[in-house]
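Worksheet for the structure shown next.
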Amino acid sequence: MLKNKWVKWSLIGFASIIAFFVILYISIYLGAFGKLPNTIELSSIKQEQATQVLDKDGALIGKYYIYDRQPLEFQDFPQHLIDALIATEDVRFYEHDGIDNVSLMRVFVKSIILRDKSAGGGSTITLQLAKNLFGRKDYFMFSMLINKFKESIIAKRIEELYSKNEILTLYFNTVPFPDNTYGIESAARKFFNKPASELTCSEAATLVGTLKATTYFNPRINLERSQSRRNVVFQQMLKYGYISQDSVDVLKNKNVVLDYKSFNHDVGLAPYFRAQVKKELTAILDSIKKPDGSSYDLYRDGLIVHTTLDSTMQFLAEKAMQEHLTDLQSIHEKSFGKTAPWNSNKTIIQTAIKNLPKYKSYQKAGLTEVQILDSLSIKRKTELFNWTGDSIQNISAIDSLQYYLKFLNTGMLTIEPQTGAIKAYIGGIDYRYFKYDHVSQSERQVGSTFKPFVYTAAIENGMKPCTYFSLKEVTYTDFDNWTPTNSGGKEEDPHLNYNLEKALSNSINTIAVKVLNKVGIENVIEQAEKLGISKELPKQPSLALGVAEINLRELTGAYASYVNNSKGVTPYAITKIEDKEGRTIASFEPQIMETPAYSNYTRQVLLKIMQSTVNSGTASRLRSTYYLKNKIAGKTGTTQNNKDGWFVGITPNLVTVTWVGNDNHSIGFKSTGIGQGANSALPIFAKFYQKLNADAHFADITKSNFESFSQEVINDLDCNPEKRDGFLKRLFGRKHKKKKFKEDNE
């Protein structure tokens, strides 16, 4: 009787469980736990795709994405990749209809009855695809069961709509790999720097092996563990006849060799350039609509952005910058010793603290000065940048601020002068820690790099290259008795006169101001505007010495005119934008000034003078120290109190501008010897060109020649570079003059 009762209740309980599962399944099928995708929706699966950024040759240099995904076609997958996946994840893939009943029975018997944890999960590639496409939701205590039922229904529908090859294609394009990477193409490019079609058997097995646990088997984090998992994949391939024992023996003895290339927004090649392109794209896409009238999504629509950047040139430029700034930073810190302003100058430190975003937010919240400083003094583990290697230290926000105050920063832009196409772009020393872009955002005093514009205006307004000016100092009484001096503070021989070539190539301040006085401030400003300088320039004599703060990008475009038929250009980065189908949705042409900013005669004179700057003037260390034999014209620049160092390098097919300084305008270099443009900025260009010279690929740039100068220019520059005053002028001339700025006493 008791036995019959137990059997009865057991059957009722079993039937209840079965009924529960059936009712739950039906309710899920009918949408009680969320609408399931129907056949129409599944037949037009829309995958979010990363926007790709390509260099001038089509090489991938970056992406913008929420999910890092690049889709491929089935024919792009190597056979050993497919074999590795099926052998490891779903050996009966071609036999089941989305649900592998044999595997499920094995899991039921081994896991539930025999308690064998090695039984596996019974999941098929199609079930995993359903999870990848539609994700999982939290349903509290029944989450796993409900999600599994939903995935099984979706998997069945997928199998009815798609062929096995199409399912594999969808799977490979959506499956998550380590480091937040989605799809085999993105994973192949990230971990091995190659397209998926070129993956070797070992590389394919490594990536497939990570699918079991993307963090635990991440080859970047633990290569040895990942390699061990790869060998398990080989054994599975051997077990199911996809590979021979001999091949396994050979492959298992080879180490996994990564060629990791992160497309994280903060790291990798040209991060400042990619950030700037992103800003420009955002503005461009606001004005473009899809055929259906909707807007393009930068992060989801798989756009292809073609840029002007030369990735090899960019790599060499970054290496040159890193080499020089590593040395210069060390010299900069040692030059101050114990009196470094970032440690000892309370005014600078306190001002910087009050400019901190955290300080301002605490202040806005109503905290007192003492409370704010206490909060900013709390120490936390913080990762810090250093040229010799990043480190993690236990420091406060104030400590961190003082630490970063010492760092020199930089900006560098290289363009093709005939078009303005950007070839190399460095906005700072490390985008992870210094987000501010010194190419597109910053405006700094340009120092002596403005002088060529003064001389250009002078020549254009009729001044002859062999016009002589005295080196003597002059006090301009109508500008607060301002007395410009030459570099070093030592007054030159007051009876010595330089022609324009000698004066500009040696960057003589006193003469630059006199030339400005002679030609007139308005004419100089007008000349700068014709070259594309949009900043409102100060109408004062110190303009000749570069007190104007000008954007590096505009400065580079203006200098391009000297090798571009006297026409300035607007540096540009994007040439074309395509949708994911390869259709062009926007294209961009070079922006070149319509009319020449000055005559060809003026251009040749200035170009010849700036060649003298390199051959015998302030930039001569390009020859003497760096042994560059290229045809180069250039101009150095240093601002007041050694706050900014500049160098402009002009070659027939490239124009490069480099800047070095501290982001805090209160901190300059300790001495002119360290901070002058020839020492702080010029070496980046020099090292860059050394690397270009060593690469035969750039021979058309490094071996190019300037045009032949006209006979008129040659004749007009054929004079002694300097001359002394005659006896009577030396006898009766005053050593120092005072005058109003617009008076011509030369």
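Among the residues of the stretch 269-304, those identified as within 10 Å of the chain's Cα centre (by Cα) and either closer than 19 Å to R583 by Cα or part of a loop (DSSP other than H, G, I, E, B) (or both) are L269, A270. All of (1) in contact (Cβ under 8 Å) with a residue 12 or more places away in the chain; (2) among the charged types (D, E, K, R); (3) surrounded by fewer than 19 Cβ atoms within 10 Å (Cβ to Cβ) hold for R603 with one exception: (3). A count restricted to the stretch 570-594 and to residues that are among the small types (G, A, S) and touching a Leu at 6+ places or on another chain (Cβ under 9 Å) stands at 2. For the stretch 42-63, the tally of residues that are at pLDDT 90 or above and not basic (K, R) stands at 11. Candidates E549, E554: the one that is buried (at least 17 other Cβ atoms within 10 Å of the Cβ), acidic (D, E) and at pLDDT 95 or above is E554. What do you reckon, is G122 among the small types (G, A, S), on the phi > 0 side of the Ramachandran plot and modelled with pLDDT under 90? Criteria met by G122. Here the stretch 493-524 is the region considered, the condition is being of a type in the set (A, V, I, L, M, F, W, C) and in contact with a Lys or Arg (Cβ under 7 Å, 6 or more places away or on another chain), and the residue that is farthest from G557 (Cα to Cα) is L496. Screening S507 with (1) out of contact with any Leu (no Cβ under 9 Å at 6 or more places or on another chain); (2) over 15 Å from L545 (Cα atoms); (3) in contact (Cβ under 8 Å) with a residue 40 or more places away in the chain; (4) part of a loop (DSSP other than H, G, I, E, B) gives one miss only, at (2).
Only a single criterion out of (1) at pLDDT below 95; (2) out of contact with any strand residue (DSSP E or B) (no Cβ under 7 Å at 6 or more places or on another chain); (3) buried (at least 17 other Cβ atoms within 10 Å of the Cβ) is not satisfied by H665, namely (3). Test of understanding: among P484, P494, P452, which residue is assigned to a loop (DSSP other than H, G, I, E, B) and under 42 Å from the mean Cα position of the chain (by Cα)? From the options P484, P494, P452, the qualifying one is P484.
Among the numbered conditions (1) in contact with a Pro (Cβ under 7 Å, 6 or more places away or on another chain); (2) of a type in the set (G, A, S); (3) surrounded by fewer than 13 Cβ atoms within 10 Å (Cβ to Cβ), the only one that S226 does not meet is (3). Yes or no: S163 touching a Leu at 6+ places or on another chain (Cβ under 9 Å) and of a type in the set (S, T, Y)? No, not satisfied.
Note on the stretch 279-297: residues that are surrounded by 18 or more Cβ atoms within 10 Å (Cβ to Cβ) and touching a Phe, Trp or Tyr at 6+ places or on another chain (Cβ under 8 Å) total 2.
Rundown of residues vs (1) crowded, with 17+ Cβ neighbours inside 10 Å; (2) in contact with a helix residue (DSSP H, G or I) (Cβ under 6 Å, 6 or more places away or on another chain); (3) not aliphatic (A, V, I, L, M), yes/no style:
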site	(1), (2), (3)
E383	no, no, yes
N386	no, no, yes
G389	no, no, yes
L408	yes, yes, no
G411	yes, yes, yes
A421	yes, no, no
Y425	yes, yes, yes
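Contact map, the stretch 631-645: first residue surrounded by fewer than 24 Cβ atoms within 10 Å (Cβ to Cβ), second residue among the aromatic types (F, W, Y), Cβ cut-off under 7 Å, separation 6 or more or different chains; pairs are K631/F706; N642/F669.
Checked against (1) assigned to a helix (DSSP H, G or I); (2) under 28 Å from I415 (Cα atoms); (3) in contact with a strand residue (DSSP E or B) (Cβ under 8 Å, 6 or more places away or on another chain), V515 passes all but condition (2).
Which of the residues spanning the stretch 529-540 are in a loop (DSSP other than H, G, I, E, B) and basic (K, R)?
K535, K539
Consider R603 against the criteria (1) charged (D, E, K, R); (2) farther than 19 Å from E460 by Cβ; (3) more than 33 Å from the chain's Cα centre (by Cα): it satisfies all of them except one. Which criterion is unmet? Among (1) charged (D, E, K, R); (2) farther than 19 Å from E460 by Cβ; (3) more than 33 Å from the chain's Cα centre (by Cα), the lone unmet condition for R603 is (2). Going by the conditions given, is S470 among the small types (G, A, S), modelled with pLDDT of 95 or more and touching a strand residue (DSSP E or B) at 6+ places or on another chain (Cβ under 6 Å)? Taking the combined requirement at face value, the residue does not satisfy it. The residues of the stretch 541-553 that are over 19 Å from the mean Cα position of the chain (by Cα) and not in a strand (DSSP E or B), listed by number, are P541, S542, L543, A544, L545, G546, V547, A548. Given the condition in a loop (DSSP other than H, G, I, E, B), among the small types (G, A, S), more than 19 Å from K423 (Cβ to Cβ) and without any contact (Cβ under 8 Å) to a residue 60 or more places away in the chain, answer yes or no: does some residue in the stretch 675-682 qualify? No, every residue in the stretch 675-682 fails to be in a loop (DSSP other than H, G, I, E, B), among the small types (G, A, S), more than 19 Å from K423 (Cβ to Cβ) and without any contact (Cβ under 8 Å) to a residue 60 or more places away in the chain. The residues of the stretch 179-205 that are of a type in the set (A, V, I, L, M) and under 12 Å from Q70 (Cβ atoms), listed by number, are I184, A187, A188, A196.
A single entry from A187, A196 fulfils the requirement of being modelled with pLDDT of 90 or more and either over 16 Å from Q52 (Cβ atoms) or touching a strand residue (DSSP E or B) at 6+ places or on another chain (Cβ under 9 Å) (or both): A187. Is there a residue in the stretch 344-357 that is in contact (Cβ under 8 Å) with a residue 40 or more places away in the chain, surrounded by 15 or more Cβ atoms within 10 Å (Cβ to Cβ) and closer than 15 Å to K670 by Cα? Looking through the stretch 344-357, at least one residue is in contact (Cβ under 8 Å) with a residue 40 or more places away in the chain, surrounded by 15 or more Cβ atoms within 10 Å (Cβ to Cβ) and closer than 15 Å to K670 by Cα. For E443, the criteria (1) surrounded by 15 or more Cβ atoms within 10 Å (Cβ to Cβ); (2) touching a strand residue (DSSP E or B) at 6+ places or on another chain (Cβ under 8 Å); (3) in contact (Cβ under 8 Å) with a residue 40 or more places away in the chain hold in every case but one, which is (1). The residue that is nearest to I550 (Cα to Cα), among those in the stretch 628-661 that are of a type in the set (K, R) and outside any strand (DSSP E or B), is K643.
The conditions of being touching a Lys or Arg at 6+ places or on another chain (Cβ under 6 Å), closer than 18 Å to A320 by Cα, of a type in the set (V, I, T) and surrounded by 19 or more Cβ atoms within 10 Å (Cβ to Cβ) are not met by V657.
The values are calculated or read from the model by the stated rules, or taken from the named source; none is laboratory data. Predicted model, so just to flag it, every value in this text is computed and none were measured. Please note: Cβ atoms are built from the backbone with ideal geometry, for glycine as well, and neighbour counts cover all protein chains shown.
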